1. What angle, in degrees between 0 and 90 and rounded to the nearest 10, separates the Cα long axis of helix 137-147 from the longest principal axis of the Cα atoms of the chain?
2. What does the helix-only formula give at 222 nm for the chain: each DSSP H stretch with n ≥ 4 adding -39500 (n - 2.57), the total divided by the residues, and the result rounded to the nearest 500 deg cm²/dmol?
3. Pick out, from Ala53, Ser177, Ala249, the residue whose Cα sits farthest towards the positive end of the charge dipole of the chain, with +1 on the Cβ of Lys and Arg and -1 on the Cβ of Asp and Glu.
4. Given 0.36 nm per residue, what is the gain on full extension from Ser209 to Gln174 after removing their alpha carbon distance, in nm?
5. Can you give the extra length, in nm with one decimal, that the chain gains between Thr63 and Glu244 once fully stretched, where that is 0.36 nm per residue apart less the Cα-Cα distance?
6. Mind checking which of Gly43, Ala95, Gly159 is farthest towards the positive end of the chain's charge dipole, using Cβ charges of +1 (Lys, Arg) and -1 (Asp, Glu) about the Cα centre?
7. Lys227 to Ala362: FRET efficiency via 1/(1 + (r/R0)^6), r the Cβ-Cβ distance, R0 35 Å, to the nearest 0.05?
8. Grab the Cα-Cα distance for Thr109 and Ser73, subtract it from 0.36 nm times how many residues apart they are, and report the gain in nm with one decimal.
Amino acid sequence: MNGVTGRMGYRQHLVRSLLRLREEGGLDLGDGTTLWPEPVLVGRREHALRALAERHGLEHWSTDLDAVLADPSIEIYFDAQVTSAREEAVKKAIAAGKHVYCEKPTGTTLAGAVELARLADAAGIKHGVVQDKLFLPGLLKLRRLVEGGFFGRILSVRGEFGYWVFEGDWQSAQRPSWNYRAQDGGGIVVDMFPHWEYVLHELFGRVRSVQALTATHIPQRWDEQGKPYDATADDAAYGIFELEGGAIAQINSSWAVRVNRDELVEFQVDGTHGSAVAGLRNCRVQHRSATPKPVWNPDLPATEAFRSQWQEVPDNGEFDNGFKAQWELFLRHVVLDAPWRWDLGAGARGVQLAELGLKSAAEGRRIEVPELSL
Ligand SMILES: NC(=O)c1ccc[n+]([C@@H]2O[C@H](COP(=O)([O-])OP(=O)(O)OC[C@H]3O[C@@H](n4cnc5c(N)ncnc54)[C@H](O)[C@@H]3O)[C@@H](O)[C@H]2O)c1
């Protein structure tokens, strides 16, 4: 596990996924056997790795990636490093014959991401990319509605994602500073469009075209050492996506917006028969039979409490942490050959949408998104 001292690597992948699996006694493979994940923590800083290993009672850690990859007892390489370091390390892992699972975006360019997918296929290894949003309770409920035919014909999807990320001067920033420097692989398009690609594709239809307007609303920020730096990357993106099947999605992504929503991301889906608003955890619906008939009249105060007219979709099940749920599927894919579709090819589609989104913003025009042939 490379990059486990980082936010995602530590909290989501190590603690909430693999260590949680160990707390549960391992992964029950359903045939009387149990898979026991034995992480090897890999990184650049010896003291940080040692401290992490000690804190969690783990035996294996190393600052020498090549040596770990040369160890034949190790089966899977996982990468949650900064994006700019991913391609080189994943290539080494593929060359060493390891199965690969990694964070998104899988590369810094489409060409790089496609190359990884091709190399992985040619090597015959199993490979995957994190697509955690698909496993969130709110989106699982939304998928249930889509698959149950609740919406009729889906017309549009409106997404709002974002929150205020502090500049770092009078209050420290709650995201790493590399996210705000284009030269270090930062930017909200590169960060979030890969997520929007798979969410839209899996729930509503493949993205056929993209039109984006980006901005760097906050041009100066302060880093982890309290030093000012120029924010060279986009911190907001206003995107419109045409989907196969005819629906239109519009998603605002911003680190310079204050939250006046129930959740940090929300998607409103409108269809001929009903509508839904889904967040990370919750999902509310309004059927056409319960749709009010407002009449536009600015001379009168609002006569109805519109937000109270929606109905909560029940959980009807237990939802695990999304990262852990996807880890379990990947481990089953590796050892049992269980079905799996979130591979490096899917990762490359996310990078493609980010790259074309940035191109659209730079050129001020709508851009077709061709189907990737790998
Ligand atoms: N799936 C998601 O929802 C999600 C959310 C946030 C981030 N991410 C992705 O996860 C990856 C890590 O993001 P993060 O927010 O955890 O970042 P982070 O800065 O907290 O962690 C980065 C990790 O990479 C290591 N690293 C290796 N080479 C480095 C270098 N040259 N400079 C700095 N750090 C280096 C760091 O030591 C650290 O362990 C990114 O690719 C990001 O796009 C995914």
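Values in this text are rule-based calculations from the coordinates and carry no lab data. None of these values were measured; they are calculated from a predicted model. Quick reminder, even Gly has a Cβ in these numbers, built from the backbone with ideal geometry, and neighbours come from all protein chains shown.
1. That helix lies at roughly 60 degrees to the long axis.
2. Working: 9 runs with 105 residues, N = 374.
Roughly -8500 deg cm²/dmol at 222 nm, from the helical runs in the chain.
3. Ala249
4. Full-extension gain reported as 9.3 nm.
5. Value of the extension gain: 60.6 nm.
6. Gly159
7. E between Lys227 and Ala362, to the nearest 0.05, is 0.75.
8. The Thr109-Ser73 span can extend by a further 9.7 nm.
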